Amino acid sequence: MEDYFMLIISAIFVNNILLIKFLGNCPFIGVSSSMDSAKGMAAACIFVNVLASSMCWVFQKFVLEPLSIEYIQTLAFILIIAGLVQLVEIILQKVAPPLYRALGIYLPLITTNCMIFGVAVLNIRQDYTFMQAFVYSIATAVGFSMALILLAGIRERFIVGKIPKLMDGFPIGLITAGMMGLSFYGLVGIGK
Amino acid sequence: MDPIVINSILAMGGLGLGLGAALSVAAKVFYVYVDPKIGEVADCLPGANCGGCGYAGCSDCAAAMVAGEAAPNACKAGGDSIIQAVAAVLGVSAGAAEREIAKIFCRGTHTSAERKFLYKGIQDCRAATLVAGGDKTCTYGCLGLGTCVTNCPFDALSMGENGLPVVNEKFCTGCGTCASVCPRSIPKIVKESQQTAALCCSHDVGKIVKAICDAGCLGCGLCKKACPEKAIEIDKFLSVVDPEKCVGCGDCYEKCPTGAIQSLLA
Amino acid sequence: MTVRDIINMIVVLTVVSLVCGGGLAMVKMATAEQVEYQKIKNVKEPALKKILSDYDNDPVSDRKTIITGKDSKGKDIKTTIFYAKKGGKLIAVAFEAYGSGYGGPIGVVMSINQPDEVLGAIAATTNSETPSVGGIVMASSELRDQYAGKPVDANFGLNSAGGIINAISGATMSSIGVSTAVKNGMEIYKKYKSDILG
Amino acid sequence: MASIVKEFTKGLWEEVPPFRFVLGLCSVLAVTTSMSSAIGLGGGVIFVTVMSNVLVSALRKVIPDKVRIAVFIVIIATAVIIVELTMQAYFYGLYEVLGIWIPLIVVNCLVLGRAEAFARKQSVILSLADGLGMGIGFTLSLAVVASIREIIGAGTWFGIQVMPAIYPGFTYLLKPPGAFVCLGIMLGLMNVVSARLDAKKKAAA
């Protein structure tokens, strides 16, 4: 149990998937301009990340490795993720329309989100057991959402602040992410 | 054929087949009827999600239009071309809506209006009003910190040198965002054809207004007496022009001691 | 979503995945040889360099993979044999064998000089020993020198078990791991000598 | 012919990928700590973008709209695996350095973005030009960011010592937070440059 705790702490704080490992900042800068879009994206990411990495782990261990075709892992994983996202979108539209309206616009965006695919591949490369992979995917998604919501909070203050016109938008977003990353980077000593 | 080739083909083919089947079954079982018209109508709309129509965005407005809850001219931001396009898609005759634009109902510039204190806080009118009702002595006047300018989805507003926002009528679509965003709703949505209006929002007594602002409406009623069409009413020391009755004769312009009431058709 | 659309959708997705899977398999087979070489060159070669000397061929390309027994699941275990030659004459044979250490399997690469069949030298490759304890032992020459120069059929067990190797104090488990790895290596050599030298 | 050149040059300045519109950001930040890895990944991205653009536009009439994204992704993933295998076979050092970043080209927003936005509608040759232009533009930007980070960060360029020996190296730039700040500042400068260009153009017009 002890190393799960360490796994969670290191995934959320120490090597935060977004600020230290750089996975998933395509939507990070784009979506974080307003708080509710950030929350919507974060919730969708947690939900899909857990589902995707467990399915990929199962596919790797029960199909790719027995047939010894690990080299095709990239194609298999991304196919699963794309299919999964589309499936979730269709099911959500029918089962929970309000939830769909809140998450809806972000779901297609998630297919190209580097974090989901990155976590799936990392689970295999660090050869985690299923439980470790499951816990790791939850922790990274929580870390991702935390960083996203923190940045969204900060960027909402920009509207009232005095930002030079040319730095407005992406440049200031990136610099803020850098500053936030610095604070997370201070914790590097803790995890393994 | 090396086993690796067969395995790869089988695995990937199987995965593709499985996903294709799952997607099609899901599409069938979880089929939600989405009226294709909504997509078409949404394409005609400007897509700025400005909220002028009162819905959460263009797609919501399109859905309401298709469902008949909203009239084709509900989209304020579009102007005639949009309304005709939507009407064409829905096959409904669209009442030609009169174009509406925003007007700034305050003339209290830095020089003409008195300031209580020097405000160095957050550059946002909503924030400024929290600080002892804003730095302007007149509690109804425009604080000039540009919240309406930053929030205008069509960039039709810019801040004039005298500290009051200026409406660029070419871009303004009358979506009303500025009116809803301004803590004192200084910008008001007015029909383009309206001739005259008292450009002030102050309900203070004339004596107070005269002391703190030399451009405000004193509520003296001279314009009301001068108006041949009886189009002007004094509502708690503030003159209000009824657009239907006003013919724009201009008799009231000279009578007004502070020039608050004037022609809108600059 | 007519039925025709659905079938069309499934067919296209399956066919594209099929074709891509097949195409990739072809590419995989084409590059498999080179990838294998690169893997050995970058992983095994540093260890090989420690135990083989004054050869004039490239042992990494001069290699043969033989089957050395079956593992628990019945899949046969493959061992790659590297040949060191001088002037065309075989001077040493090297291969890797495993023993169980404290943290998990310990990989030991060993060379056997030819024709006098004496153990040339050993070097550790992969091990997951605790770096502070087992790791030092693996790198220490004191343990390695005890193996060098011994004949193939010497008893490489620890002296506590009647063998000729005395364990490093404080890291008995790693020492046992290394000695079992070497013993397994000798087994493989004796059992498959004909394949190796054939 | 002119349109092909236009598509090609478009990728080099007006719509140079990671700067003009922020696509493919993850790899730009992570891989630009050294020039060799940046160019290595850039080469991979060029191959993948060109191959996926060509295949996507070749098959554009056959692919049903409902499953469009999934098929595009399969094509891109195939191209990426080919790059991965060739790199593993012939540039093993680069393969080790890049590690996880090669498979991650598949989710690089640039590649799918071009396939979705452009190749799906255009002819094969145009898509090829666009893919090449975008790929090279991406690699150039990678190179620019990488040289800045490596020279200022570690004082070397392609591993050769460039700065004087006593230069301690501003390693903050090599760390993840530095990457964000460096890219942010570069984007800002780029805005300044293009604003000045537009102003000059407007003044001239």
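The values are calculated or read from the model by the stated rules, or taken from the named source; none is laboratory data. For clarity, every value in this text was computed on a predicted model and none was experimentally measured. Backbone-built Cβ (ideal geometry, glycine too); neighbour counts: all protein chains shown.
Here are the numbers for this structure:
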read-out: All positions within segment D:61-73 that are surrounded by fewer than 18 Cβ atoms within 10 Å (Cβ to Cβ) and either touching a strand residue (DSSP E or B) at 6+ places or on another chain (Cβ under 8 Å) or more than 8 Å from every other protein chain (Cβ to nearest Cβ) (or both); value: D:K61, D:D65, D:R68
read-out: A:K61 being charged (D, E, K, R) and crowded, with 18+ Cβ neighbours inside 10 Å; value: no
read-out: Meets criteria (part of a helix (DSSP H, G or I) and at the interface with another protein chain (Cβ under 7 Å from one of its Cβ atoms)) for B:I38; value: no
read-out: Some residue of segment A:5-24 being surrounded by 23 or more Cβ atoms within 10 Å (Cβ to Cβ), on the phi > 0 side of the Ramachandran plot, in contact (Cβ under 8 Å) with a residue 60 or more places away in the chain and small (G, A, S); value: yes
read-out: Residue identified as crowded, with 19+ Cβ neighbours inside 10 Å, at pLDDT 75 or above and facing another protein chain (nearest Cβ under 9 Å) among A:G181, A:G143; value: A:G181
read-out: Considering residues of segment D:74-83 that are within 7 Å of chain A (Cβ to nearest Cβ) and within 18 Å of the chain's Cα centre (by Cα) only, the residue surrounded by the most Cβ atoms within 10 Å (Cβ to Cβ); value: D:A77
read-out: Criterion violated by B:V209 - all others in (1) surrounded by fewer than 18 Cβ atoms within 10 Å (Cβ to Cβ); (2) assigned by TED's automatic domain parsing to the domain that holds B:A260 satisfied; value: (1)
read-out: Among the candidates C:I77, C:I106, residue that is in a strand (DSSP E or B), in contact with a Gly (Cβ under 6 Å, 6 or more places away or on another chain) and surrounded by fewer than 18 Cβ atoms within 10 Å (Cβ to Cβ); value: C:I77
read-out: Selection from segment B:192-227 of residues that are out of contact with any helix residue (DSSP H, G or I) (no Cβ under 7 Å at 6 or more places or on another chain), in a loop (DSSP other than H, G, I, E, B) and touching a residue at least 60 places away in the same chain (Cβ under 8 Å); value: B:E192, B:S193, B:Q194, B:Q195, B:L199, B:C200, B:C201, B:H203, B:D204, B:D214, B:A215
read-out: Any chance A:Y128 is more than 9 Å from every other protein chain (Cβ to nearest Cβ) and outside any helix (DSSP H, G or I); value: yes
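Here's the yes/no breakdown for (1) buried (at least 22 other Cβ atoms within 10 Å of the Cβ); (2) without any contact (Cβ under 8 Å) to a residue 40 or more places away in the chain; (3) of a type in the set (S, T, N, Q):
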position	(1), (2), (3)
D:S127	yes, no, yes
D:G133	yes, no, no
D:V145	yes, no, no
D:I151	no, yes, no
D:I166	no, yes, no
D:S194	no, yes, yes
D:K201	no, yes, no
